[in-house]
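For reference, the structure is listed below as structure tokens.
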Amino acid sequence: MENLKCKLKVLFLSAEASPLVKIGGLGDVAGSLPSALRSLPDSPDVRVALPFYPPLKESNLDLTPAASFEIAHTNGPLICEVFETLINGVPMYLIDGPPIAADQAVYSGDNFRDGTKFCFFSLAAMELCRVLTWQPDILHTHDWHAAPAVYNLRLIKKNDAFYKDTKSLLTVHNLPYLGHGAEGALQAFGLPRAHMSALPDWAEHLPLALGLLTADKINTVSPGYAAEMLTPEFGANLDEFLTTRKDDLTGILNGLDLVAWNPTTDSKLPVNYSPEDLKNRRENKRLLLEELDLRTDLDAPLLAMINRMDVQKGVDLVPKALQLMAELDWQAVILGTGDPELEEAARQLDRDYPQVRSILKYDDGLARRIYGGSDLIMIPSRYEPCGLTQMIGMRYGCVPLGRATGGLKDTIVDYQLGNPKKSTGFLFEEASSAALTDTLRRSLEVYNDRRRWRGLQRRGMKMDFSWERSAKEYMNLYKGLLSGRRVEGLKVEG
Ligand code: ADP
């Protein structure tokens, strides 16, 4: 293949990319994957486009003006300015223009505004490549925010010499976020409804749906979620349509930043430790219990939960589950912020049970001390495209207990199922407090056998969740796209 002899050129389009912008897992992927790809032996030329959100302008980045041009809009052309900076060896293009400058927040909560912002961003990123005469082989877009680029590529491709050989990949991080409310914004940028397409009528003007319709390949962030997307329970009402695309759908598990999350070096942990000196971890537990003003009983299991308090995360299952096992000796810490009702339920649990602490804020340092000092982390998600919490938990010797869904099922090996010598945590099937309690009880029995528990901890700590593994799979996907080959990897059943 002629194309594969020179460096593969990949343009990443994402609404978030850490360390510049991170709201959730999307930021982690677009922050870590490009440099992991660049570190592979075949080292593709990956560049990232990101909106130049107003708060980023305060952060003294070393910027070079890259380009200036106009993007057509029904109300008249919009001027776009692009600046370039280098982050961890990856060129980042920061795209500015009136729709992006209009909002302080990454997501305003108003999808018409956000649709205008992200549609402008998507089209501007494509125009930028043309101005720079940097012809991407792959347009790798993420979620609904960048999906308009995929749709635009399909619309222009036939008559556009610059983009005629470019292939598109759409990575879905969270399927239900289809971009409802953004449809008018797309039309104003000249992206019409996909009338008479394979999409259901209600979806034929929604950005993510249009991306799913027209991307050359689609992937999501775990093989488990890729298969679940084809079912009525998880398919966001697009399962039947997605089934028509199942040969182009794969799942690639996200990695974990092994430098940022390392218990042997984490400066926010009072005591660092490794799988070989787990006893040092006990001091972290003692200090954490003191900090939380809980009983400093190192033998009583300390259960934890850390998340953004959304119904997706199954947070509502936890209060009842803990009440159902109140007669056992355990303590618990909940860290999170989000839905006011779920926060109030956590507050109430804290008031009712002296062995529970609920801390309702975002606090990275405390999260790390919890991973480094608690015994078990609860992840009762209703759905979980990939999930980082279980991987961090394992890496820190905090045994994960999660619902058997999506990325949780792909990464946690349940203690009872299969060989206990391979197990790294606990899984439960049904999204109910009773099922959660049953599995918590099961896990506490294992906890009481210290030798077996240490085995669980050590196996989890030694798992390979590196980005290098994911990057190789993405590279394989890119190469398959360019050669027109069927891509190796998961064949989703549907
Ligand atoms: P999602 O991206 O759906 O929120 P993930 O499991 O992929 O879920 O990632 C969540 C990340 O956010 C983890 O690193 C977790 O530790 C962190 N996190 C969530 N809530 C908090 C909080 N209140 N304080 C600190 N870190 C948090």
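The values are calculated or read from the model by the stated rules, or taken from the named source; none is laboratory data. Keep in mind that this is a model prediction, so the values were computed, not measured. All Cβ positions, glycine included, derive from the backbone under ideal geometry; neighbour counts span all protein chains shown. Heavy atoms of the whole protein, side chains included, go into the accessibility calculation; ligands, DNA and RNA do not. Shrake-Rupley method; radii C 1.70, N 1.55, O 1.52, S 1.80 Å.
For SER423, SER35, give the ranking by accessible area with the largest first, probe 1.4 Å.
Result, largest first: SER35, SER423.
Specify whether the C-alpha gyration tensor of segment 300-389 places it in the rounded, prolate or oblate class, a ≥ b ≥ c being the square roots of the eigenvalues: rounded for a/c under 1.5, otherwise prolate if a/b is larger than b/c and oblate if not.
It is rounded, given that a/c, with a ≥ b ≥ c, falls under 1.5.
Starting from the Cα gyration tensor of segment 25-144, take the square roots of the eigenvalues, sort them a ≥ b ≥ c, and report rounded, prolate or oblate (rounded when a/c is under 1.5, otherwise prolate if a/b is larger than b/c, else oblate).
Numbers: a/c = 1.63, a/b = 1.42, b/c = 1.15.
Here segment 25-144 falls in the prolate category.
Could you state the accessible area per residue of the chain in Å², with a 1.4 Å probe and every protein chain left in place? The partial results should precede the final answer.
On the way: 19770 Å² over 494 residues.
Accessible surface, normalised per residue, equals 40 Å².
Helix 25-38: angle to the longest alpha-carbon principal axis of the chain, degrees 0 to 90, nearest 10?
70
For a quick check: with amide H placed at 1.01 Å from N, whose amide H comes under 5 Å from PHE428's, ignoring anything fewer than 5 positions away on the same chain?
GLY402, ARG403, ALA404
Take every DSSP beta bridge with both residues inside the chain and express the antiparallel ones as a percent of the total, to the nearest 5.
Working: 15 of 61 bridges.
Percentage antiparallel, nearest 5: 25.
Tell me, what % of the accessible area of segment 311-386 is carbon and sulfur with a 1.4 angstrom probe?
The value for segment 311-386 is 53 percent carbon and sulfur by accessible area.
What angle, in degrees between 0 and 90 and rounded to the nearest 10, separates the Cα long axis of helix 281-292 from the longest principal axis of the Cα atoms of the chain?
90
In the P(r) worked out for segment 209-285, what percent of Cα pairs fall beyond 21 Å?
The calculated P(r) of segment 209-285 puts 50 percent of pairs beyond 21 Å.
Can you tell me, using C-alpha contacts under 8 Å and at least 6 residues apart, the relative contact order of segment 317-470 as a whole percent?
20
I'd like the distance between the alpha-carbon centres of segment 51-107 and segment 256-294, rounded to an integer number of Å.
39
Given the Cα atoms of segment 1-80, and with Rh set as the inverse mean 1/r over their pairs in the Kirkwood sense, what is Rg to Rh to two decimals?
Here the Rg-to-Rh quotient is 1.05.
How much solvent-accessible surface does CYS386 expose, in Å² to the nearest 10, with a 1.4 Å probe and all protein chains in place?
Number for this one is 0 Å².
Could you work out the relative contact order of the chain? I mean the mean sequence separation of Cα pairs under 8 Å and 6+ apart, divided by the number of residues, in percent.
With pairs under 8 Å counted, the relative contact order is 13 percent.
Going highest first, how would you order 334-343, 143-152 by mean Cβ packing within 10 Å?
Working: 334-343: 18.5, 143-152: 27.9.
Taking the mean over residues of other Cβ atoms within 10 Å, the ranking is 143-152, 334-343.
Seen from all sides and averaged, what is the projected area of the convex hull of the Cα atoms in the chain, in nm²?
If you wrap the Cα atoms of the chain in a convex hull and average its projections, you get 22.9 nm².
Compute the helix-to-body angle for 143-156: its Cα long axis versus the longest principal axis of the chain, expressed 0 to 90° and rounded to tens.
20
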